[in-house]
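Student: Structure incoming, see below.
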Amino acid sequence: MTATTETQRRLRTEIPGPASRALQQRRAAVVAAGVSSVLPVYVTSAEGGLLTDADGNVLIDFGSGIAVTNVGHAAPAVVDRVREQAGRFTHTCFMVTPYEGYVEVCEALDKLTPGTHEKRSVLFNSGAEAVENAVKIARAATGRQAVVVFDHAYHGRTNLTMALTAKSIPYKHGFGPFAPEVYRVPGSYPYRDGLSGPEAARIAIDRIEKQIGGDQVAAVVLEPVQGEGGFIEPAPGFLSALSRWCTENGVVFVADEVQTGFCRTGEWFASTHEDVVPDLIATAKGIAGGLPLAAVTGRAELLDAVGPGGLGGTYGGNPIACAAALGSIEIMRQENLAASAKRIENTVLPRLRALAEVTGVIGDVRGRGAMLAAEFVKPGTTEPDADLTKRVAQACHQAGVVVLTCGTYGNVVRLLPPLSLSTELLEEGLSVLEHAVRTEAAK
């Protein structure tokens with residue numbers, strides 16, 4: 001069985017049920033404890049925006065595997081292309097004997113990413129690899145070493161990307177020493193800093209110029225909307241001001257669009273919301289419908305500054321993953337999933353804002369497209385309430401709706417439904433979330 005035939009949420013057992021609990025016991029004996037799971041239900045099939053677990057429970061998925069299955073689970077165009085490619089060959093290594101699929105993905109990225117300049121791309125396996133290689137490319141092209149990142153940032157779990165990431169636990173604690181020449185500056189967090197975009201950018205730029213020196217910076221790396229840090233949408237003007245400063249100082253502007261990319265925010269890429277054209281853009285997650293694929297795309301002169309053999313990897317641009325990406329991009333175009341993301345935004349934000357007004361425990365509602373969040377605080381304050389956030393998420397899980405939490409303070413519920421999710425399932429999942437918030441806030 002490769003896909004569920006279910007069309008609605010259904011609970012047959014408690015969550016997790018006995019079959020999932022049995023699998024959890026097997027897992028404990030063989031899987032490293034450092035690998036955690038948000039909700040220990042063991043999925044046996046998935047389709048569209050629904051997950052079916054080992055006990056026959058059908059859950060609404062508001063997580064999309066952390067913004068990966070933008071086109072929905074088991075999307076036919078993805079499955080068909082993967083099946084066809086797997087029947088021809090599964091691997092040769094593009095660095096040994098290349099194949100057309102890799103080139104086709106790079107051609108698509110050339111057309112889809114912001115900017116009309118001449119571009120090049122290189123493919124990898126994960127978002128962390130993409131970000132790390134973007135830094136490598138920037139350093140090689142500029143001859144500089146310093147890399148600037150921001151408060152609340154998340155960029156991955158490799159040694160270099162842990163250095164780029166802000167939050168210690170669970171991402172960095174005990175894993176140092178980290179890569180040098182990484183400098184952190186304040187970003188834009190409108191709910192908490194109250195600054196306009198240009199004001200926040202001036203503070204960041206002043207810090208860079210005084211403490212590092214603009215002529216020493218190879219790259220500024222930032223998420224157009226911060227993901228793990230709390231779905232923080234910078235104030236208007238922040239990204240564009242930083243982009244201009246980078247251009248004026250010969251600094252490579254790197255947009256980490258691993259979570260925001262591929263129609264997630266209502267545009268193909270979140271940088272477009274402010275008409276920002278990154279020098280390099282790192283992508284992954286939503287690119288390939290669930291298969292591991294990532295990319296760095298950017299100005300030809302930057303990527304071509306790296307000599308032959310300086311970029312690559314055994315599995316980077318695997319042919320099956322490339323086939324999945326081409327199927328995923330086909331769906332996004334044909335079904336106009338950027339517009340679908342805006343439909344989700346227009347449904348979710350009014351309901352979350354009304355919920356905030358009624359309960360008094362949501363300090364901020366924010367986000368774009370199908371990348372939306374509610375930040376929970378103690379009533380009458382801006383003090384983060386991580387405990388309430390956890391209870392709300394658990395209540396949703398018990399009722400058969402998968403939601404995720406995030407944020408530096410652990411007080412944000414984030415919603416990342418598949419862009420293809422029906423309005424009916426979206427409304428039903430929101431009703432579950434609303435009930436959970438009302439119930440837990442009253443305790």
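A short reminder: the numbers here are calculations on the coordinates, not readings from a lab. If you're wondering where the values come from, they're calculated on a predicted model, not measured in any experiment. Positions of Cβ are backbone-derived with ideal geometry, glycine not excepted, and every protein chain shown enters the neighbour counts.
Student: Can you bin every Cα-Cα distance in the range 237-388 into 10 Å intervals starting at zero and give me the percent of pairs per bin, rounded to whole numbers?
Tutor: All Cα pairs, binned at 10 Å, distribute as 10, 27, 30, 23, 8, 1 percent.
Student: Separate question: Please list 3J(HN,Hα) in residue order for the range 76-89, calculated via the Karplus relation 6.51 cos²θ - 1.76 cosθ + 1.60 where θ = phi - 60°; whole Hz, with x for glycine and proline.
Tutor: Taking θ as phi minus 60°, the curve returns x, 5, 6, 4, 5, 5, 5, 4, 5, 5, 4, x, 9, 6 Hz for the range 76-89.
Student: For the chain, build the charge dipole from Cβ charges (+1 Lys, Arg; -1 Asp, Glu) around the Cα centre, then report which of Pro379, Ser20, Pro180 sits farthest towards its positive end.
Tutor: Going by the Cα projections, it comes out as Ser20.
Student: What FRET efficiency do you get for Lys443 and Val38 if R0 is 25 Å and r is their Cβ-Cβ distance, rounded to the nearest 0.05?
Tutor: In this case the efficiency is close to 0.70.
Student: Further, regarding this structure: What percent does the relative contact order of the range 125-234 come to when contacts are Cα pairs within less than 8 Å and at least six residues apart?
Tutor: After rounding, I find 34 percent.
Student: Using Cα pairs closer than 8 Å and at least 6 residues apart in sequence, work out the relative contact order for the range 329-443, in percent.
Tutor: Dividing the mean separation by the residue count of the range 329-443 yields 25 percent.
Student: Now for a separate question. Of Gly49, Gly87, Gly312, which is the most mobile in a GNM of the chain whose springs link Cα atoms less than 10 angstrom apart?
Tutor: Gly87
Student: Another question about this same structure. How long is the gain from Ala28 to Arg88 if the chain were fully straight, where each residue apart is worth 0.36 nm and the alpha carbon distance is subtracted?
Tutor: 17.9 nm
Student: A further question on this structure: Compute the signed sum of charges (Lys and Arg +1, Asp and Glu -1) over the other residues within less than 11 Å, Cβ to Cβ, of Gly429.
Tutor: Summing Lys and Arg as +1 and Asp and Glu as -1 gives -3.
Student: Can you tell me what share of the DSSP beta bridges in the chain is antiparallel? A percent to the nearest 5 is fine.
Tutor: 70
Student: Cα centroid distance between the range 288-360 and the range 228-252, in Å?
Tutor: Rounded to whole Å, the Cα centres lie 20 Å apart.
Student: Checking the a/c ratio against 1.5 first, then a/b against b/c, what shape does the Cα gyration tensor give for the range 217-304?
Tutor: oblate
Student: In bins 10 Å wide, starting from 0, what share of all Cα pairs of the range 158-298 does each bin hold, as a percent?
Tutor: Answer for the range 158-298: a P(r) of 11, 40, 39, 10, 0 percent.
Student: A further question on this structure: Tell me whether the chain comes out rounded, prolate or oblate; compute the Cα gyration tensor, take square roots of the eigenvalues as a ≥ b ≥ c, and use a/c under 1.5 as the rounded threshold.
Tutor: Cα axes put the chain in the oblate bin.
Student: Name the residue farthest towards the positive end of the dipole of the chain from the options Gly34, Leu433, Ala356, assuming +1 on Cβ of Lys and Arg, -1 on Cβ of Asp and Glu, about the Cα centre.
Tutor: It is Gly34, whose Cα lies furthest towards the positive end.
Student: The range 78-334: Rg/Rh from Cα coordinates, Kirkwood Rh?
Tutor: 0.97
Student: Follow-up question, since we're still on this one. What does the charge count around Gly34 come to, taking other residues whose C-beta lies under 14 Å from its C-beta (Lys +1, Arg +1, Asp -1, Glu -1)?
Tutor: My count for the surroundings of Gly34 gives +3.
Student: In terms of the Cα gyration tensor, with a ≥ b ≥ c the square roots of its eigenvalues, is the range 1-153 rounded because a/c is under 1.5, prolate because a/b exceeds b/c, or oblate?
Tutor: Because a/c hits 1.5 or more and a/b exceeds b/c, the range 1-153 counts as prolate.
Student: Treating only the Cβ atoms of Lys and Arg (+1) and Asp and Glu (-1) as charged, compute the dipole magnitude of the range 78-334 about its Cα centre; round to the nearest 20 debye.
Tutor: Approximately 560 debye in magnitude.
Student: Need the full-extension length gain, Ser240 to Ala300, defined as separation in residues times 0.36 nm minus the C-alpha distance. One decimal, nm.
Tutor: Residue separation times 0.36 nm, minus the Cα-Cα distance, leaves 19.4 nm.
Student: Students often get this wrong, so check it: of Lys167/Lys443; Lys167/Lys285; Lys390/Lys443, which have C-alpha atoms separated by over 25 Å?
Tutor: Going by Cα-Cα distance, Lys167/Lys443 fall outside the 25 Å limit.
Student: Only Cα pairs under 8 Å and at least 6 apart count here; give the relative contact order of the chain as a rounded whole percent.
Tutor: So the answer I get is 21 percent.
Student: Another question, then. Residues with beta-carbon under 13 Å from that of Lys119, excluding Lys119: net charge, scoring Lys, Arg +1 and Asp, Glu -1?
Tutor: Residues near Lys119 contribute -3 overall.
Student: Anyone know which of Pro418, Pro98, Pro76 comes out most mobile in the 10 Å Cα GNM of the chain?
Tutor: Result: Pro98 has the largest fluctuation of those listed.
Student: Given Cβ point charges of +1 (Lys, Arg) and -1 (Asp, Glu) and nothing else, what value in debye, to the nearest 20, does the dipole of the chain about its Cα centre take?
Tutor: It comes to approximately 880 debye.
Student: ³J(HN,Hα) across the range 50-60 via Karplus (A = 6.51, B = -1.76, C = 1.60, θ = phi - 60°), whole Hz, x for Gly/Pro?
Tutor: Per residue, the Karplus-derived 3J(HN,Hα) values read 10, 10, 10, 9, 5, 9, x, 6, 10, 10, 7 Hz.
Student: What is the fewest-to-most order of Arg26, Arg353 by other Cβ atoms lying within 10 Å of their Cβ?
Tutor: In order of increasing Cβ crowding within 10 Å: Arg26, Arg353.
Student: So what are the ³J(HN,Hα) numbers for the range 90-96, from phi and the Karplus equation (6.51, -1.76, 1.60; θ = phi - 60°), rounded to whole Hz, Gly and Pro as x?
Tutor: Ordered by residue, 3J(HN,Hα) equals 9, 5, 9, 6, 4, 6, 9 Hz.
Student: Between Thr247 and Tyr191, 0.36 nm times their residue separation minus their Cα-Cα distance comes to what?
Tutor: 17.3 nm
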